[in-house]
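Student: Provided herewith is a single structure, encoded as structure tokens, for subsequent inquiry.
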Amino acid sequence: MSWKNIREDTKKAGYEMGSGIFYKLEEGDNEVRILCEFKPFGSHFNKATNTSTFCVGKENGCPVCKEGIIPVKPRFLGYVIDRKDGKIKLAEFGYQIIKQISDLSNNIHWSFEEFPDYDMTIIKTEGAITSYNVQGIPDKHDITNTEKEELEKFITTHGTLEENISKKKQVQIEKNGTVINEELGGSPTDEDLEATDNIPF
């Protein structure tokens, strides 16, 4: 696919290239504040081509499901504050990260319901298989009123999580399975391979 088509497909999905609204994990420590419960969707990761395809479901004619070779894995979309620049962003995580956040929510010392009252450090270690380690930062505090207002503005401008997932699904349906998951700004990694096959999405 040409760069021109990638840009057009991304804009059609309601995104602007280079807009900086998408969170991308860097190697090493990544400090974030989780702002909501993440929403799941299905994705097919092709290790040979290093690409992910949004799964629209067998009932909608997902070509990857039809081939039956690459299993569907859960991915999760949510809002975060990137503590590196203080901006609200859309984040897409795999099950390996989400499972560790879930474990923290069930830990007596880090327990939370919808979202935590503390920041987290996500440590990304690249290698033969990319690994992630999620740790809570023990300085607990609520987000500021300004951050709450910025989140509301972000959602008004860029849409709810459900709307963003719906856009991805619609583009995939229209393109008959040719659009990859690049509209969310995160290139797929071996994290996709760590997700269990029986996690619902």
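The values are calculated or read from the model by the stated rules, or taken from the named source; none is laboratory data. Keep in mind that what you see is a predicted model, and the values were worked out from it rather than measured. Positions of Cβ are generated from backbone atoms using ideal geometry, with glycine treated the same way; all protein chains shown enter the neighbour counts.
Student: Residues of the stretch 91-132 being more than 19 Å from the chain's Cα centre (by Cα) and crowded, with 16+ Cβ neighbours inside 10 Å, which ones?
Tutor: Listed by number, the residues that qualify are Trp110, Phe112, Tyr118.
Student: State whether one or more residues within the stretch 102-113 are touching a residue at least 40 places away in the same chain (Cβ under 8 Å), out of contact with any helix residue (DSSP H, G or I) (no Cβ under 6 Å at 6 or more places or on another chain) and not in a helix (DSSP H, G or I).
Tutor: Our first condition is that a residue be touching a residue at least 40 places away in the same chain (Cβ under 8 Å); within the stretch 102-113, this holds for none.
Looking through the stretch 102-113, none of the residues is touching a residue at least 40 places away in the same chain (Cβ under 8 Å), out of contact with any helix residue (DSSP H, G or I) (no Cβ under 6 Å at 6 or more places or on another chain) and not in a helix (DSSP H, G or I).
Student: Hey, does the stretch 127-145 have a residue that's in contact (Cβ under 8 Å) with a residue 60 or more places away in the chain, farther than 26 Å from Phe54 by Cα and touching a strand residue (DSSP E or B) at 6+ places or on another chain (Cβ under 9 Å)?
Tutor: Yes, the stretch 127-145 has at least one match.
Student: Can I ask one more? With the checklist (1) at pLDDT below 95; (2) under 28 Å from Val72 (Cα atoms) in hand, flag the one item Asp139 doesn't pass.
Tutor: (2)
Student: Of all residues in the stretch 1-25 being within 14 Å of the chain's Cα centre (by Cα) and either farther than 29 Å from Asn133 by Cβ or not in a strand (DSSP E or B) (or both), which is modelled with the lowest pLDDT? If you could, list the steps in order and put the result at the bottom.
Tutor: Initially, the stretch 1-25 is screened for residues within 14 Å of the chain's Cα centre (by Cα), giving 21-25.
Applying the additional criterion that residues be either farther than 29 Å from Asn133 by Cβ or not in a strand (DSSP E or B) (or both) yields 21, 23-25.
Details: Ile21: 91, Tyr23: 96, Lys24: 94, Leu25: 96.
If we take residues in the stretch 1-25 being within 14 Å of the chain's Cα centre (by Cα) and either farther than 29 Å from Asn133 by Cβ or not in a strand (DSSP E or B) (or both), then Ile21 is modelled with the lowest pLDDT.
Student: Filter the stretch 150-172 down to the residues that are closer than 13 Å to Ala91 by Cα, free of Cβ contacts under 8 Å to residues at least 12 places away in the same chain and part of a helix (DSSP H, G or I) and list them by number.
Tutor: Matches in the stretch 150-172: none.
Student: Can we say Thr53 is of a type in the set (Val, Ile, Thr), farther than 30 Å from Ile143 by Cα and in contact with a strand residue (DSSP E or B) (Cβ under 6 Å, 6 or more places away or on another chain)? First the steps, then the outcome.
Tutor: On the way: of a type in the set (Val, Ile, Thr): yes; farther than 30 Å from Ile143 by Cα: yes; in contact with a strand residue (DSSP E or B) (Cβ under 6 Å, 6 or more places away or on another chain): yes.
Criteria met by Thr53.
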